[in-house]
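Take a look at the structure below.
The values are calculated or read from the model by the stated rules, or taken from the named source; none is laboratory data. Being a predicted model, the structure only gives us computed values, none of them experimental. Glycine also receives a Cβ, built like all others from the backbone with ideal geometry; neighbour counts cover every protein chain displayed. Each accessible area value is taken on the protein alone, full model and side chains, heavy atoms only, with ligands, DNA and RNA left out. Shrake-Rupley method; radii C 1.70, N 1.55, O 1.52, S 1.80 Å.
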Amino acid sequence: MILLAGTFLRFHALDRQSLWDDELSSIHTVSTPIRQALSHYETYETHPPLYFMQLKLWRALSMRSLVKLRANSAVWGCLGLLLAYFVGTRYGGCDLGLLTMAILALSPYHLAYSQELRPYAMAVALALAGWLSLERRRWGWVATLWIALLYTHYWGSFVVLSQALYGY
């Protein structure tokens, strides 16, 4: 029920507000032809390219409307809810997993960032997946997820550093 409620909240009213400056930047970034993308990242975009590359693929699947584009972040947000459950379960069983997922599902920050055309929800999901992989000692997955996180958002470096210190 918690996952369903969190999913409903993330997909509900994706068109409630109009695009704002950062989201327009995201649309401009994914609209840039591939051969001009490198110079675009050097000049305009403040985030690493992985989120925008996968958003470009999402958009190529006829996901061009505002709701459909924002749904990409909502999917990442829902994945984050599920991963938060698994992290909580890892440390305290099913009850802590449900509590962890409920807190994230009702978090106004996670909800807002799960409805924006920016890389924040993807970064949270990658960070949680990296944490689970680290706990399970799946080193290939840890490395892959850390690299993906570093190519998604710059603050991912702080997450990778803290997870590496924890793992050490």
When you check residue 70 against the structure, is it charged (D, E, K, R), open to solvent by less than 30 Å² (accessible area, probe 1.4 Å), out of contact with any Gly (no Cβ under 9 Å at 6 or more places or on another chain) and within 16 Å of residue 48 (Cβ to Cβ), yes or no?
no
Scanning the stretch 1-44 for residues that are of a type in the set (Ser, Thr, Tyr) and surrounded by 12 or more Cβ atoms within 10 Å (Cβ to Cβ), which turns out farthest from residue 110 (Cα to Cα)?
32
Hey, does the stretch 69-83 have a residue that's over 16 Å from the mean Cα position of the chain (by Cα), under 26 Å from residue 157 (Cβ atoms) and at pLDDT 95 or above?
no
Take the stretch 1-20 and flag every residue that is touching a residue at least 24 places away in the same chain (Cβ under 8 Å) and aromatic (Phe, Trp, Tyr).
11
Listed residues 73, 62, 162; which is part of a helix (DSSP H, G or I), out of contact with any helix residue (DSSP H, G or I) (no Cβ under 6 Å at 6 or more places or on another chain) and among the polar types (S, T, N, Q)?
162
I'd like to check which helices (runs of 4 or more DSSP H) are fully inside the stretch 98-157 and have at least 3 residues that are in contact (Cβ under 8 Å) with a residue 24 or more places away in the chain and in contact with a Leu (Cβ under 7 Å, 6 or more places away or on another chain).
120-135, 139-150
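Looking at residue 106, is it within 25 Å of residue 9 (Cα to Cα) and either open to solvent by 50 Å² or more (accessible area, probe 1.4 Å) or among the hydroxyl-bearing types (Ser, Thr, Tyr) (or both)? Can you show your working first?
Numbers: within 25 Å of residue 9 (Cα to Cα): yes; either open to solvent by 50 Å² or more (accessible area, probe 1.4 Å) or among the hydroxyl-bearing types (Ser, Thr, Tyr) (or both): yes.
Against the criterion (within 25 Å of residue 9 (Cα to Cα) and either open to solvent by 50 Å² or more (accessible area, probe 1.4 Å) or among the hydroxyl-bearing types (Ser, Thr, Tyr) (or both)), residue 106 qualifies.
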Among the numbered criteria (1) crowded, with 18+ Cβ neighbours inside 10 Å; (2) touching a helix residue (DSSP H, G or I) at 6+ places or on another chain (Cβ under 7 Å); (3) not in a helix (DSSP H, G or I); (4) not hydroxyl-bearing (Ser, Thr, Tyr), which single criterion is violated by residue 47?
(2)
For residue 75, which of the numbered conditions (1) under 25 Å from residue 167 (Cβ atoms); (2) open to solvent by 50 Å² or more (accessible area, probe 1.4 Å) fails to hold?
(1)
Can you tell me how many residues in the stretch 87-97 are surrounded by fewer than 17 Cβ atoms within 10 Å (Cβ to Cβ) and either in contact (Cβ under 8 Å) with a residue 40 or more places away in the chain or within 27 Å of residue 20 (Cβ to Cβ) (or both)?
1
